[in-house]
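For reference, the structure discussed in these notes is given below.
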Amino acid sequence: MDTVSAEPQLAEPHLLGWLSSVGLDIDYVRAEGNTLYYLDENGGEVPVLDFAGGYGSLILGHNHPEISAYAQRLIASQTPVHAQFSRHPYANDVALALNRIIQRELGTDEYYSAIFANTGAEAVEAAVKHAEMDRGMRLRELADTLAENLAAARLAVFGGAAVAPEAFALVGLAGQAGRVSDFEALSAEIERHNAAQLGRPPVFLTLEGGFHGKLVGSVQLTHNEGYRAPFAALAAPARFVPAGSPEALKETVESERATVYDLVVEDNTVRVVERNSPVFCGFVLEPIQGEGGIHVLSAEFAREIQQVCAEIDCPVIIDEVQSGMGRTGDFLASSAIGLRGDYYTLAKSLGGGIAKTSVMLTRSSLYRPPFELVHSSTFAKDAFSCFISKKVLELLEADGGAAYRTARERGGKLKDMLEAVAADHPDVVKDVRGRGLMLGLEFHDQSGSASEAIRESAALLGYTAAGYLLREHRIRTFPTASAVNTLRFEPSLLLTDAEIRQLETGLRALCVVFREADGARLTGTAAA
């Protein structure tokens with residue numbers, strides 16, 4: 001299993017060394033279904049059961065035969081990849097197919113406009129950029145309205161209109177209603193206040209535990225401070241809200257809310273009214289947090305988010321990169337909890353395990369066409385990726401959505417097994433979470449283990465556990481990025497009962513290793 005070449009290791013050599021230290025540095029040479037293969041010392045193939053599933057990218061499995069054959073036909077027919085800045089009907093076909101599915105799940109007839117990208121993080125950044133363009137345009141519209149109303153109020157005062165006394169108190173001034181000099185002081189204070197409020201940077205709301213990518217903008221929406229902190233100066237920070245806490249959400253919104261003063265003339269009297277200023281760029285969230293530890297957003301808190309965002313005119317940006325594409329038993333995991341997005345991001349399984357593609361969808365009523373002139377991507381919307389994506393959607397929708405039913409049934413059986421393991425080992429397993437084929441099993445902290453080797457590995461427990469499962473049971477899985485005690489399981493729809501039993505055998509053996517503090521067995525070393 002030692003696959004490190006004698007040549008200099010220049011492609012992420014530090015990561016390769018770390019993988020080697022926990023026994024995950026395998027050179028896989030073939031893949032099909034839920035199985036990856038590497039070569040033993042004699043050149044024979046060794047199968048490994050893959051529950052990592054490309055971090056959710058393989059809802060149809062490795063090298064699905066229909067997709068692979070279709071991809072070969074596309075390449076053989078010399079399908080253009082680089083035909084940018086031309087008509088792309090195949091991209092529109094994908095957008096239409098996505099809309100038909102989403103409209104059905106949401107029970108709406110509103111369309112979502114599509115912007116294509118290459119990765120999930122890019123789709124998230126496109127959504128955030130579009131939301132900020134929309135916010136900027138609304139800010140300019142508001143500023144114009146305020147200026148027009150101020151000019152109208154000034155003319156009214158010069159024409160003899162009175163200024164309501166409470167107007168001065170509202171902005172913190174003492175004055176006499178009806179005097180032009182007092183009005184000029186009032187208008188100056190209003191203009192100063194409004195300029196400060198309209199010039200505030202955007203506020204992003206998101207959830208604690210969330211993961212939305214590691215690009216310049218998306219990393220600031222990712223809760224793990226280790227990913228964010230080195231780049232904090234490069235993008236606007238987000239406000240993180242604990243999931244399931246309506247009180248914290250409301251407190252956060254109130255602390256960040258921006259209001260401006262508007263002048264209105266009623267019955268020959270000038271009055272000051274407060275209006276909300278669009279400071280909130282978007283609420284970015286995952287309906288099921290993947291990298292955060294497979295935490296499912298509750299329907300109750302989803303309703304709270306929807307209501308609060310409607311009140312403050314903040315768009316809801318739903319990151320379905322890992323949870324979407326039918327993985328949870330619905331095309332959108334958010335639809336099952338009644339959450340409707342103004343934006344959706346999809347990626348991973350959209351490419352069928354072959355193409356690298358993603359899409360950002362925006363409600364047509366919010367869509368800003370100028371965005372298409374300021375945002376682009378060289379490899380986005382290419383014919384090969386679009387044709388593959390369309391094929392994926394056809395396979396998911398075939399037979400009346402049989403794929404979604406399969407995800408629910410197979411996921412239910414897998415979860416039942418995980419819960420049975422947890423019930424038999426409550427001292428080792430802390431929790432089982434998730435829905436459909438997006439599940440997680442969390443171990444109790446092992447920093448107090450009687451084994452020195454286990455204590456030393458406790459900070460990265462999931463990776464050591466993954467190394468054990470690979471070495472001893474030929475099972476491939478990983479912990480989630482920000483919850484290292486939680487192993488994730490995201491197999492394809494092809495998951496069999498035998499594969500579930502193989503995982504059960506490995507997990508039960510792992511639980512015994514932890515219970516017996518058998519550090520030598522866990523790490524594959526002689527010393528415990």
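Based only on Cα atoms, what Rg/Rh ratio does the range 66-135 have, Rh being taken as Kirkwood's radius? Before the final figure, lay out each step's value.
Details: Rg = 15.4 Å, Rh = 14.8 Å.
Looking at the range 66-135, the ratio lands at 1.04.
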With a 10 Å Cβ neighbour count serving as the proxy for reagent exposure, in which order, fewest first, do HIS130, HIS62, HIS425, HIS14 appear?
HIS14, HIS425, HIS62, HIS130
Given 25 °C and 0.890 mPa s, compute D for the range 312-427 with the Stokes-Einstein relation, Rh being the Kirkwood radius over Cα pairs; round to the nearest whole µm²/s.
149
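Looking at the chain, I'd like the Rg to Rh ratio, where Rg is from alpha-carbon atoms and Rh is Kirkwood's inverse mean 1/r. Write down the numbers at each step before the final one.
Values: Rg = 27.5 Å, Rh = 25.8 Å.
Here the Rg-to-Rh quotient is 1.07.
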Bins of 10 Å, starting at 0 and running to the largest distance - Cα pair percent for the range 226-370:
10, 32, 33, 16, 6, 3, 0
222 nm mean residue ellipticity, helices alone, for the chain (DSSP H n ≥ 4; -39,500 (n - 2.57); rounded to 500):
-13500 deg cm²/dmol
Which entries of LYS348/LYS413; LYS381/LYS413; LYS214/LYS356 have Cα-Cα distances beyond 28 Å here?
LYS381/LYS413
Aspartates and glutamates within cross-link reach of LYS250: Cα-Cα under 17 Å, excluding same-chain residues under 8 positions apart?
GLU208, GLU300, GLU304, GLU311, ASP313
Counting C-alpha atoms alone, how compact is the range 104-151: give Rg to one decimal and Dmax as a whole number, in angstrom.
16.4, 48
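Where Rh denotes the Kirkwood radius from the mean inverse Cα pair distance, what is Rg over Rh for the range 241-313?
Rg/Rh for the range 241-313 comes to 1.17.
Can you put ARG271, ARG104, ARG433 in order of Cβ neighbours within 10 angstrom, beginning with the fewest?
Details: ARG271 17, ARG104 13, ARG433 20.
Fewest to most other Cβ atoms nearby, the residues stand as ARG104, ARG271, ARG433.
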Any cysteines in the chain with zero other Cys Cβ atoms under 4.7 Å from their Cβ? List them, or say none.
CYS281, CYS386, CYS511
Picking from ILE190, ALA71, GLY341, whose Cα lies most toward the positive end of the charge dipole for the chain (charges on Cβ: Lys, Arg +1; Asp, Glu -1)?
ALA71
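First measure r as the distance between the Cβ atoms of ARG508 and THR269, then evaluate 1/(1 + (r/R0)^6) with R0 = 60 Å and state the FRET efficiency to the nearest 0.05. Could the numbers behind the result be given before it?
Numbers: r = 78 Å, r/R0 = 1.30.
Step by step, r from the Cβ atoms, then E = 0.15.
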From the Cα centre of the range 463-528 to that of the range 391-427, the distance in Å is 19
Considering the Cα trace of the range 75-186, what is its radius of gyration and what is Dmax, both in angstroms?
26.4, 82
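Bear in mind these aren't lab numbers, they're just calculated from the coordinates by the rules spelled out. Because the structure is predicted, anything quoted here is derived from the model rather than measured. Quick reminder, even Gly has a Cβ in these numbers, built from the backbone with ideal geometry, and neighbours come from all protein chains shown.
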